[in-house]
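S.K.: First, the structure itself, so that you have it in front of you.
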Amino acid sequence: MLRGYKPWPEDLKRYYKQTGCWNGETFGGFLEKQGREMNDHIAITDGSEVLSYRELNNRVDQLAAGFMQMGIVKGDRIVLQLPNIFEFFEVCFALFKIGALPVFSLPLHRKTEISYFCAFTEAKAYIIPDIYDRFDYREMAREVKEAVPSLEHIIVVGDNKDFTALSNLYVSAIQPLPEVQADDLAFFQLSGGSTGLPKLIPRTHNEYIYSLRRSVEVCELDHKTNYLAVLPVAHNFTMSSPGVFGVLYAGGKIVLSKYPSPDLAFPLIERESVDFTSLVPPLAIVWLEARKRRSEDLSSLKVIQVGGAKCSAEIAKQIGPAFNCKLQQVFGMAEGLVNYTRLDDCDELVIHTQGKPMSKYDDIRIVDEEDRELPIGSTGQLQAKGPYTIIGYFNAEEHNGKAFTTDGYYRTGDLVKLTKEGYVIVEGRDKDQINRGGEKIAAEEVENYLLAHNNILDAAIVSMPDKFLGERSCAFIIQKHDELSAKDLKRFLQDRGIASFKIPDRFEFVDRFPYTALGKVSKKNLREIIIEKLNDEKKVHY
Ligand code: OOB
């Protein structure tokens, strides 16, 4: 058993098996089955090349053998940082088949985050593209390798320079592969986080495949589904709600778009008869605008999902009519619980709520600050437990004590209320996080990076409202000497190597912070200060 991983207790395991939620399938097992049953049906395309289910399964077997030959064994952690390309799937399923554990980082993560993921999970390998979005991942990998000597292999998709080429790892398949059980860990995802560095989310085959199966049912996917992946496939939304893994589970076709822009996505929708896709709210706004001036035939679209951040009713209203399809709101979290509006829901629910839990085994409650349950209709913190909601982060015992209640509920940090139909309306948040158009920023993480600057005495980061992204981030800074500029600090953070979305959009230099009665920095007051400032600036502007 991996140190730091707290397995599910036996009574819950038994319960979720008895209820049929956990059905004993593994990722390797279901791909194997699809390889046989779906055969020549296309599993993945990028609009020019295609891979059938049989080919995908064969290539996965070859790669699994290659990984084993290089010494990767069951239980090894492998940090994966791949964009929306075929190899993402081949690598994932090859690792699943041998029981090695991908750690899913995002293409925007940089050396600080990646070094931490590699060191924290004691990863044996790190898998990257050569260049993506004008960024050379091999250069970053060199620095990561220096910082994490335990890392044995850097594997590159494309031009490998002096690292291992993924293309050389497809060798003759060997059988039998190591035995992988449905209760085994399958991979790690990252939490959006609110304290310090992102926490790692451990996932077993059983629990995650249940969420796929249920998502496929709720979203009505089948082998005729053509799903367009425009957001990063390594994110939980695009991966499993129902996402690319859901599509493979249903036997449908994944259409990969490297970028979400309409220039790329709209022609793919037309060419591949895409009927289902997932967007974050800012992207929905971009697509709505593009729809007015572009001429592609998008009539194949049946469902557009919007999630990751609150979609305003104003935007939600426009999507169905503009694309002549259904809108589905998705309110989920990498830790588990996913809420969907249903495809036959009335407009009122689809436009004004964020859906209801996907499973009847999801157990949710709304509580006050003392964890006392509130009546329907009151706003409070959402807590959740269930067959695919984790019971603890990896190797984070102290944090787990705060993030989960003693009776096993995950504290989502979201402030919500329930409608009489049991649908969730997201009203706000009581976690120290900024949701920048779906990308999550843990305030404390970025504050700590800033505090490493020798001219910064204190830093506090809050959200500020933004018409397009919903929220942007604003850093309040107390400096030691009066000499810093926003530009200096942006450069400082960039040089440190962190994901660009975490770099504050705005810096405010102040002499002191407002404090609460308990002596903590009052982020509420800081948010009010910046809102007032933004309003004043607007007035000056007009
Ligand atoms: C998804 O997952 P994460 O882990 O990146 O972020 C989870 C958090 C939630 O706790 C909530 O604060 C926010 O993102 N959120 C939403 C939302 N969907 C997510 N807030 C308001 N409205 C929504 N529709 O973001 C995620 C995972 C699976 C499916 C969909 C989204």
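The values are calculated or read from the model by the stated rules, or taken from the named source; none is laboratory data. The structure presented is a predicted model; accordingly, all values stated were derived computationally and were not measured. Note that each Cβ is placed from the backbone with ideal geometry, even for glycine, and that neighbours are counted across all protein chains shown. Please note that ligands, DNA and RNA were not included when accessible areas were found on the heavy atoms of the full protein model with its side chains. Shrake-Rupley method; radii C 1.70, N 1.55, O 1.52, S 1.80 Å.
S.K.: Using the scaling law 2.2 N^0.38 Å as the reference, what is the normalised Cα Rg of region 1-68?
M.R.: So the Cα radius of gyration is 1.55 times the expected 2.2 N^0.38 Å.
S.K.: Please quote Rg/Rh for region 368-491 to two decimal places, taking the Kirkwood radius as Rh and restricting both calculations to Cα atoms.
M.R.: 1.06
S.K.: I would also like to ask the following. Restricted to Cα positions, what overall size does the chain have along the principal axes? Three whole-Å values, descending.
M.R.: Dimensions of the chain along the principal axes of its Cα atoms: 66, 55, 55 Å.
S.K.: Enumerate by residue number the GluC sites (Glu not before Pro) in region 349-385 meeting two conditions: DSSP loop (anything except H, G, I, E, B), and at most 13 other Cβ atoms within 10 Å of the site's Cβ.
M.R.: For GluC sites (Glu not before Pro) across region 349-385 that sit outside H, G, I, E and B with at most 13 neighbouring Cβ atoms in 10 Å, the list reads E369, E370.
S.K.: A further question on this structure: With the dipole of the chain worked out from charges on the C-beta (+1 for Lys and Arg, -1 for Asp and Glu) around the Cα centre, which of P7, N525, V157 lies farthest toward the positive end?
M.R.: The listed residue farthest towards the positive side: N525.
S.K.: Also, I was wondering about something else. First measure r as the distance between the Cβ atoms of I478 and D407, then evaluate 1/(1 + (r/R0)^6) with R0 = 35 Å and state the FRET efficiency to the nearest 0.05.
M.R.: 0.30
S.K.: Follow-up question, since we're still on this one. Students sometimes get this wrong: rank C325, C346 by accessible area, probe 1.4 Å, all chains present, largest first.
M.R.: C346, C325
S.K.: When the accessible area of region 433-541 is split by element with a 1.4 Å probe, what percent falls to carbon and sulfur?
M.R.: Its accessible area is 49 percent carbon and sulfur atoms.
S.K.: Once neighbouring chains are kept in place and the probe is 1.4 Å, which whole percent of the accessible area of region 185-272 is contributed by carbon and sulfur?
M.R.: 52
S.K.: Let me ask something else about it. PRE reach from E427 (point 7 Å along Cα→Cβ): which of region 338-354 fall under 15 Å by backbone N?
M.R.: 353-354
S.K.: Sticking with this one: How many lysine pairs in region 304-405, separated by 8 or more positions in sequence or lying on different chains, have Cα atoms less than 24 Å apart?
M.R.: 11
S.K.: While we're on this one: Hey, can you grab everything whose amide H is under 5 Å from the amide H of G332? Only 5+ residues off in sequence or another chain; H modelled, so Pro and N-termini drop out.
M.R.: When sequence neighbours closer than 5 places are left aside, the close amide H contacts are G308, N339.
S.K.: With the dipole of the chain worked out from charges on the C-beta (+1 for Lys and Arg, -1 for Asp and Glu) around the Cα centre, which of G307, Y259, L212 lies farthest toward the positive end?
M.R.: My answer, from the dipole projection, is G307.
S.K.: Evaluate the distance, in nm, between pseudo-label points positioned 7 Å from the Cα of E139 and of L264 along their respective Cα→Cβ axes.
M.R.: Reported label-point gap for E139 and L264 is 2.1 nm.
S.K.: Given Cβ point charges of +1 (Lys, Arg) and -1 (Asp, Glu) and nothing else, what value in debye, to the nearest 20, does the dipole of region 398-499 about its Cα centre take?
M.R.: Its charge dipole is roughly 280 debye.
S.K.: At q = 0.13, 0.15, 0.21 Å⁻¹, what log₁₀ I(q)/I(0) does region 433-541 have when each alpha carbon counts as one equal point scatterer in the Debye sum?
M.R.: Log10 I(q)/I(0), no solvent term: -0.47, -0.63, -1.22.
S.K.: Right, next: Count neighbours as other Cβ atoms within 10 Å of each site's Cβ, and list the GluC sites (Glu not before Pro) in region 398-451 that are DSSP loop with at most 14 such neighbours.
M.R.: The qualifying sites are E421.
S.K.: What is the P(r) of region 172-266, as percent of Cα-Cα pairs per 10 Å bin from 0?
M.R.: Histogramming region 172-266 at 10 Å steps yields 15, 35, 34, 14, 1 percent.
S.K.: Something else: Given 0.36 nm per residue, what is the gain on full extension from K224 to E314 after removing their alpha carbon distance, in nm?
M.R.: Length gained between K224 and E314: 29.2 nm.
S.K.: Rounded, prolate or oblate: which one fits region 34-160, using the alpha carbon gyration tensor with axes a ≥ b ≥ c (rounded when a/c is under 1.5, else prolate when a/b beats b/c, else oblate)?
M.R.: The shape class here is oblate.
S.K.: Please report the orientation-averaged projected area of region 429-469, defined via the convex hull of its C-alpha atoms, in nm².
M.R.: That works out to 3.4 nm².
S.K.: Run the helix sum for the chain: -39,500 (n - 2.57) per DSSP H stretch of 4+ residues, divided by residue count, reported at 222 nm to the nearest 500 deg cm²/dmol.
M.R.: Per the formula, -10500 deg cm²/dmol.
S.K.: What list of ³J(HN,Hα) values in whole Hz, one per residue of region 240-252 in order, does the Karplus curve 6.51 cos²θ - 1.76 cosθ + 1.60 (θ = phi - 60°) give from phi, with Gly and Pro shown as x?
M.R.: Result, rounded to whole Hz: 9, 10, x, x, 5, 6, x, 5, 4, 5, 7, x, x.
S.K.: Which part of region 335-357 falls in the paramagnetic zone of E217, meaning amide N under 18 Å from the point 7 Å along Cα-to-beta-carbon?
M.R.: 337-345, 356-357
S.K.: While we're on this one: Among G392, L418, A403, which residue has its Cα positioned farthest towards the positive end of the charge dipole of region 365-418, with +1 placed on the Cβ of Lys and Arg, -1 on the Cβ of Asp and Glu, and the dipole taken about the Cα centre?
M.R.: L418
S.K.: Using a cut-off of 16 Å between alpha-carbon atoms, which lysines can reach K538, once sequence neighbours fewer than 8 places away in the same chain are excluded?
M.R.: Hits, sequence-local ones excluded: K467.
S.K.: Please state the charge dipole magnitude for the chain, taken about the Cα centre, from unit charges on C-beta atoms (+1 on K and R, -1 on D and E), reported in debye and rounded to the nearest 20.
M.R.: With Lys and Arg at +1 and Asp and Glu at -1, about 320 debye.
S.K.: While we're looking at this one, here's another question. Once phi is turned into ³J(HN,Hα) by the Karplus curve 6.51 cos²θ - 1.76 cosθ + 1.60 with θ = phi - 60°, what whole-Hz value does each residue of region 453-469 show in order, with x for glycine and proline?
M.R.: Using θ = phi - 60°, the values come out as 6, 6, 9, 10, 8, 7, 9, 9, 10, 9, 8, 10, x, 9, 4, 8, 8 Hz.
S.K.: Select from region 425-514 those trypsin sites (Lys or Arg not before Pro) which occupy a DSSP coil region and have at most 13 other Cβ atoms within 10 Å, ordered by residue number.
M.R.: K467, K480, R512
S.K.: Tell me which residues come under 5 Å, amide H to amide H, from D414 once H is placed; ignore anything under 5 positions away on its chain.
M.R.: It is L382, D430, by chain and number.
S.K.: Which FRET efficiency value, to the nearest 0.05, is calculated for M70 and E49 with the Förster distance at 30 angstrom and r the Cβ-Cβ distance?
M.R.: For M70 and E49, the calculated efficiency is 0.70.
S.K.: Taking a ≥ b ≥ c as the square roots of the eigenvalues of the Cα gyration tensor of region 264-346, is the shape rounded (a/c under 1.5), prolate (a/b larger than b/c) or oblate?
M.R.: Prolate shape, in that a/c is at least 1.5 and a/b is the bigger ratio.
S.K.: Can you tell me how region 333-397 classifies by the Cα gyration tensor, rounded, prolate or oblate, using a/c under 1.5 as the rounded cut?
M.R.: Oblate.
S.K.: Heavy-atom accessible area per residue, the chain, 1.4 Å probe: how many Å²?
M.R.: I get 42 Å² per residue for the chain.
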